[in-house]
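The block underneath contains the structure these notes are about, expressed in structure tokens.
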């Protein structure tokens, strides 16, 4: 199957994963390939990928809570600021279920890099500034780091799909690392960027929408709304 | 060729060929494939992909100026703040791909006009769609950046399948007030991506200087942690 067809026909947001746990080797293989083929500014890869395996249910519960809380906070703030007149009353988005129940969950965070490679160390010695090496610059380079995480995520997606695995993304969660640490996720050193769950899908979100007769309403913007030829 | 082998071949461009350009129809098709296969939170795609074709030479120079100025400014500030004792004082030659290429894609944040009908109904029941509000652009810039990363990676794969080379740059001022001379960038700039046929790759420069083996990425276990 070609890459377009693979992405178009096989990648769908997961509502519920099967209990079956994919072999760890398949995940490791996909991660290694993504690490190998994802470029990075100055070859720093200024992000960290934490992997929550099948035996980390308590931690995944906490990560799900961080997603739900963020969703609620955003709705409440919108009402406070007059941008909305009601909230969904704290009802958890059912399409966050993949964060809680999955064989594997990956969280991306920023990372302060301790050292440059020998090529860039020589550049630094002649005056290049490596912002990836300073804690105080983490927020300054956050946008750049997020783009690189997106590239990694896309590459990982291809390799997982080729290994006949499903995955889903989530970017709704509390951004403040201190809130994560306060929940006992003490290994988190920098603000989060993205979550990806991995497993074998039992049910996709699109199947729910199809059942409700609303799948045709959930479309992306027209291409010419996004892509502008000057 | 497998996806892995295809992406392993991708290299940063030192110089593109200036007398040979991918056909416009091919680029349009690759952009369509990318648009079609790139997911987005709530299906909003809150970013623009501005496409500057082979004839947009002055426009590309203005974009290149942004990278050069940002790089200089960062080095100067590092010296002022005591992180460094000197600046390199020369223009990074590996930004040249921004100025001279077949196509340049300039990504910037986009405030969305309207949700699709499915999310319109969600909003009526209390869902908040931050993608619709200018005051939320900065707060959701990180999500927009991740989605742009997904987009450019898919675009990269489709380009490489057609034998088209690509490069990226993320060195530019993020403050949109410094973009008054670029009228189509109204909100936060996110990334530049160039496309074309390579004349020379960056790695060839490093190889010539005997430095290629020094430009390595961090070990996998520095980046990926099994908890």
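The values are calculated or read from the model by the stated rules, or taken from the named source; none is laboratory data. All of these numbers come straight from a predicted model, not from anything done at the bench. So basically every Cβ, Gly included, is an ideal-geometry build from the backbone, and we count neighbours across all protein chains shown.
Only a single item in (1) within 11 Å of chain A (Cβ to nearest Cβ); (2) in contact (Cβ under 8 Å) with a residue 40 or more places away in the chain; (3) part of a loop (DSSP other than H, G, I, E, B) is not met by residue B:183, and it is number (2). Listed here are the helices (runs of 4 or more DSSP H) enclosed by the range B:47-133 that have at least 2 residues being touching a residue at least 24 places away in the same chain (Cβ under 8 Å), more than 10 Å from chain A (Cβ to nearest Cβ) and buried (at least 21 other Cβ atoms within 10 Å of the Cβ): B:57-80, B:96-99. Might you let me know whether the range B:135-148 holds any residue that is over 22 Å from the mean Cα position of the chain (by Cα), more than 8 Å from every other protein chain (Cβ to nearest Cβ), surrounded by fewer than 23 Cβ atoms within 10 Å (Cβ to Cβ) and closer than 19 Å to residue A:74 by Cα? For the range B:135-148, residues over 22 Å from the mean Cα position of the chain (by Cα), more than 8 Å from every other protein chain (Cβ to nearest Cβ), surrounded by fewer than 23 Cβ atoms within 10 Å (Cβ to Cβ) and closer than 19 Å to residue A:74 by Cα: present. The listed residues are A:189, A:202, and the only one of them that is under 16 Å from residue A:47 (Cβ atoms) and more than 10 Å from chain B (Cβ to nearest Cβ) turns out to be A:189. Is it true that residue B:6 is in a helix (DSSP H, G or I) and in contact with a helix residue (DSSP H, G or I) (Cβ under 9 Å, 6 or more places away or on another chain)? Yes. Only residues that are in a helix (DSSP H, G or I) and out of contact with any helix residue (DSSP H, G or I) (no Cβ under 8 Å at 6 or more places or on another chain) were counted in the range B:134-143, giving 2.
When each of A:33, A:28 is tested for being modelled with pLDDT of 95 or more, facing another protein chain (nearest Cβ under 7 Å) and either assigned to a helix (DSSP H, G or I) or over 14 Å from residue A:107 (Cα atoms) (or both), the lone residue that passes is A:33. The criterion of being within 7 Å of chain B (Cβ to nearest Cβ) and not in a helix (DSSP H, G or I) holds for residue A:51. Per the conditions (1) surrounded by fewer than 20 Cβ atoms within 10 Å (Cβ to Cβ); (2) under 19 Å from residue B:8 (Cβ atoms); (3) more than 8 Å from every other protein chain (Cβ to nearest Cβ), the sole criterion not satisfied by residue B:205 is (2). Take residue B:152 and decide whether it is closer than 25 Å to residue A:137 by Cβ, modelled with pLDDT of 95 or more, in contact with a helix residue (DSSP H, G or I) (Cβ under 7 Å, 6 or more places away or on another chain) and assigned to a loop (DSSP other than H, G, I, E, B). Answer is no for this residue. Quick one: how many residues across the range A:144-168 are under 14 Å from the mean Cα position of the chain (by Cα) and either part of a helix (DSSP H, G or I) or at the interface with chain B (Cβ under 7 Å from one of its Cβ atoms) (or both)? Total meeting the criteria: 13. With respect to residue B:194, is the statement that it is buried (at least 24 other Cβ atoms within 10 Å of the Cβ), modelled with pLDDT of 95 or more and in a strand (DSSP E or B) true? Taking the combined requirement at face value, the residue satisfies it.
When the range A:176-204 is filtered for residues that are surrounded by 15 or more Cβ atoms within 10 Å (Cβ to Cβ) and within 18 Å of residue A:145 (Cβ to Cβ), the ones remaining, listed by number, are A:177, A:180, A:188, A:189, A:190, A:191, A:192, A:193, A:194, A:195, A:196. Taking residue A:172 and the conditions (1) within 30 Å of residue B:176 (Cα to Cα); (2) facing chain B (nearest Cβ under 10 Å); (3) touching a residue at least 40 places away in the same chain (Cβ under 8 Å); (4) assigned to a helix (DSSP H, G or I), which numbered condition does it fall short on, given that it satisfies the others? In the conditions (1) within 30 Å of residue B:176 (Cα to Cα); (2) facing chain B (nearest Cβ under 10 Å); (3) touching a residue at least 40 places away in the same chain (Cβ under 8 Å); (4) assigned to a helix (DSSP H, G or I), residue A:172 misses (4) alone.
For the range B:22-32, the set of residues classified as in a helix (DSSP H, G or I) and surrounded by fewer than 21 Cβ atoms within 10 Å (Cβ to Cβ) consists of B:24, B:25, B:26, B:28, B:29, B:32, listed by residue number.
Go through the residues of the range A:12-22 one by one and say whether even a single one is closer than 27 Å to residue B:217 by Cβ, more than 7 Å from chain B (Cβ to nearest Cβ) and part of a helix (DSSP H, G or I). Among the residues of the range A:12-22, not one is closer than 27 Å to residue B:217 by Cβ, more than 7 Å from chain B (Cβ to nearest Cβ) and part of a helix (DSSP H, G or I), which makes the answer no. Looking only at the range A:78-134, residues that are part of a loop (DSSP other than H, G, I, E, B), within 9 Å of chain B (Cβ to nearest Cβ) and over 30 Å from residue B:215 (Cβ atoms) come to 10 in all.
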